[in-house]
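Chemist: Below you'll find the structure I mean.
The values are calculated or read from the model by the stated rules, or taken from the named source; none is laboratory data. As the structure is a computational prediction, the values presented were derived from the model and not from experiment. No Cβ is skipped: glycine too gets one built from the backbone with ideal geometry, and neighbour counts run over all protein chains shown. All accessible areas refer to the heavy atoms of the entire protein, side chains included, with ligands and DNA or RNA removed. Shrake-Rupley method; radii C 1.70, N 1.55, O 1.52, S 1.80 Å.
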Amino acid sequence: MTSILQYPLPLPPILAHPSSTAPLLITQGAEALLYKSTYLLPSLPCALKYRPRKPYRHPTLDTRLTKHRILSEARLLLKCRKEGVPVPSVYAVDEGQGWLMLEWIEGEVVRVRLNEWLRWRREKGTAEGEEEGELRGLMERIGEAVGMMHGVGVVHGDLTTSNLMLKSREHAEVNDHAEGGEENLLAGEVIIIDLGLASVSRFEEDRAVDLYVLERAFGSTHPRAEGLFEVVLEAYGKSFKGAPIVLKRLEDVRMRGRKRSMLG
Ligand SMILES: Nc1ncnc2c1ncn2[C@@H]1O[C@H](COP(=O)(O)OP(=O)(O)O)[C@@H](O)[C@H]1O
Ligand SMILES: [Mg+2]
């Protein structure tokens with residue numbers, strides 16, 4: 001029995017829209033360019049991560065490396081999605097052309113929001129320690145998100161406050177009755193981005209190094225928030241079964257880090 005297909009076949013809206021506007025360059029990193037594009041649908045922006053050819057690299061090696069990195073990032077994002085870890089969803093991949101198309105996260109990276117918040121607190125004349133609830137809340141959500149990722153076996157490889165985003169809530173909830181006061185700059189869901197250097201690992205050591213890198217990032221980028229890093233670790237410690245062993249391991253990693261910096 002063959003069934004007769006009805007033409008035209010229904011298309012999902014995402015594929016039906018003929019037009020798209022020019023993409024906007026958001027950042028230019030050492031390896032990748034990140035564009036915001038409405039290629040799919042005017043109402044559905046996406047993040048296009050593009051790894052252009054490196055003219056100084058051997059062409060065969062360059063193609064192989066680019067393909068590997070794009071496929072690896074896509075694969076790990078999918079793994080995280082599948083297991084409920086907060087990362088952007090993957091819309092499309094073309095490893096041959098060197099790009100990855102992701103869900104656009106409306107919001108800002110934690111580095112930017114946190115610095116804005118710290119400045120706001122300083123300008124208001126608030127003493128350190130006050131308004132701490134908002135900061136604690138963010139630190140907790142960071143610890144939980146990182147713990148979820150580690151809990152499913154994924155190690156990030158470049159965990160900094162530039163690779164964590166805070167997703168604005170305006171777009172998710174229309175009827176959010178803000179209670180008249182100032183909005184909390186640190187509100188929003190923590191989304192982990194940039195899995196370009198991520199991998200699957202079963203070693204506690206790798207997870208501990210992730211935490212160490214994040215701790216150092218807080219120390220150098222937001223020294224005024226560093227004191228609350230323990231809140232990240234506390235939330236992390238409760239987030240998956242193996243977390244306490246990782247925290248123990250972190251102490252060794254710190255020790256080695258200190259020795260290394262003493263040796264110069
Ligand atoms: N899915 C996304 N939605 C919105 N902005 C994003 C998204 N992914 C990345 N960005 C922005 O682009 C920057 C660079 O992206 P990232 O994946 O970190 O690439 P790189 O490897 O160059 O660091 C991020 O710091 C963030 O500001
Ligand atoms: Mg990055």
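Chemist: Would you point out which residue out of Glu140, Glu144, Glu132 is more than 16 Å from ligand 2 (Cβ to nearest atom), of a type in the set (Asp, Glu) and more than 18 Å from the chain's Cα centre (by Cα)?
Modeler: Working: Glu140 fails: more than 18 Å from the chain's Cα centre (by Cα); Glu144 fails: more than 18 Å from the chain's Cα centre (by Cα).
Unique residue meeting the criteria: Glu132.
Chemist: Hey, can you tell me all the residues within the stretch 207-225 that are buried (at least 16 other Cβ atoms within 10 Å of the Cβ), small (Gly, Ala, Ser) and more than 15 Å from Val253 (Cβ to Cβ)?
Modeler: Matches in the stretch 207-225: Ala225 only.
Chemist: Between a first residue in the stretch 47-58 that is assigned by TED's automatic domain parsing to the domain that holds Thr27 and a second residue that is among the small types (Gly, Ala, Ser), which pairs have beta carbons less than 7 Å apart while being 6 or more apart in sequence or on different chains?
Modeler: Pairs that qualify, where the first residue is assigned by TED's automatic domain parsing to the domain that holds Thr27 and the partner is among the small types (Gly, Ala, Ser), are Leu48/Ser37; Lys49/Ala32; Tyr50/Ala32; Tyr50/Gly98; Arg51/Ala32; Arg51/Gly98; Pro52/Gly98.
Chemist: Now a separate question. Scan the stretch 105-120 and report the pairs whose first residue is more than 14 Å from ligand 1 (Cβ to nearest atom) and whose second residue is part of a helix (DSSP H, G or I), with Cβ atoms within less than 9 Å and a gap of 6+ or a chain change.
Modeler: So the pair list comes out as Trp117/Glu134; Trp117/Leu135; Trp117/Leu138; Trp117/Ala225; Leu118/Leu135; Leu118/Arg224; Leu118/Ala225.
Chemist: Kindly indicate whether any position in the stretch 182-192 is more than 11 Å from ligand 2 (Cβ to nearest atom) and at pLDDT below 75.
Modeler: yes
Chemist: Exactly one of (1) among the charged types (D, E, K, R); (2) outside the structural domain of Glu183 (by TED's automatic domain parsing); (3) surrounded by fewer than 18 Cβ atoms within 10 Å (Cβ to Cβ) is unmet by Arg119. Its number?
Modeler: That leaves (2) as the condition not met.
Chemist: Name every residue in the stretch 91-103 that is surrounded by 18 or more Cβ atoms within 10 Å (Cβ to Cβ) and not charged (D, E, K, R), in order of residue number.
Modeler: Val93, Gly98, Trp99, Leu100, Met101, Leu102
Chemist: Return yes when Leu197 is open to solvent by 100 Å² or more (accessible area, probe 1.4 Å), within 16 Å of ligand 1 (Cβ to nearest atom) and at pLDDT 95 or above and no when it is not.
Modeler: Yes, satisfied.
Chemist: Condition test on Val109, is it within 16 Å of ligand 2 (Cβ to nearest atom) and surrounded by 12 or more Cβ atoms within 10 Å (Cβ to Cβ)?
Modeler: Criteria met by Val109.
Chemist: So which strands (runs of 3 or more DSSP E) are wholly in the stretch 71-154 and hold at least 2 residues that are closer than 30 Å to Arg202 by Cβ?
Modeler: Working: elements: 90-94, 99-103, 107-109, 128-131.
Here the list reads 90-94, 99-103.
Chemist: Still on this structure: Take the residues in the stretch 75-90 that are more than 18 Å from Pro45 (Cα to Cα) and of a type in the set (A, V, I, L, M, F, W, C); name whichever of them is most open to solvent (accessible area, probe 1.4 Å).
Modeler: Leu78
Chemist: Tell me which residues, restricted to the stretch 220-250, are among the aliphatic types (A, V, I, L, M) and under 18 Å from Gly153 (Cα atoms). Before you say what the answer is, go through the steps one by one.
Modeler: At the first step, the residues of the stretch 220-250 found to be among the aliphatic types (A, V, I, L, M) are 225, 228, 231-233, 235, 243, 245-247, 250.
Within the stretch 220-250, Leu233, Ala235, Ala243, Ile245, Val246, Leu247, Leu250 qualify.
Chemist: Another question, if that's okay. Select, from Glu234, Glu230, the only residue that is touching a residue at least 60 places away in the same chain (Cβ under 8 Å), open to solvent by 80 Å² or more (accessible area, probe 1.4 Å) and part of a helix (DSSP H, G or I). Outline the logic, then answer.
Modeler: On the way: Glu230 fails: touching a residue at least 60 places away in the same chain (Cβ under 8 Å).
None of the others qualify; the one that does is Glu234.
Chemist: For the stretch 51-69, what are the residues that are near ligand 1 (Cβ under 10 Å from one of its atoms) and not in a helix (DSSP H, G or I)?
Modeler: Within the stretch 51-69, Arg51 is the sole residue that qualifies.
Chemist: Where residues in the stretch 31-49 are outside any strand (DSSP E or B) and near ligand 1 (Cβ under 7 Å from one of its atoms), which of them is surrounded by the most Cβ atoms within 10 Å (Cβ to Cβ)?
Modeler: Ala32
Chemist: In addition: Look at Val246 and say whether it is modelled with pLDDT of 95 or more and among the aliphatic types (A, V, I, L, M).
Modeler: Against the criterion (modelled with pLDDT of 95 or more and among the aliphatic types (A, V, I, L, M)), Val246 qualifies.
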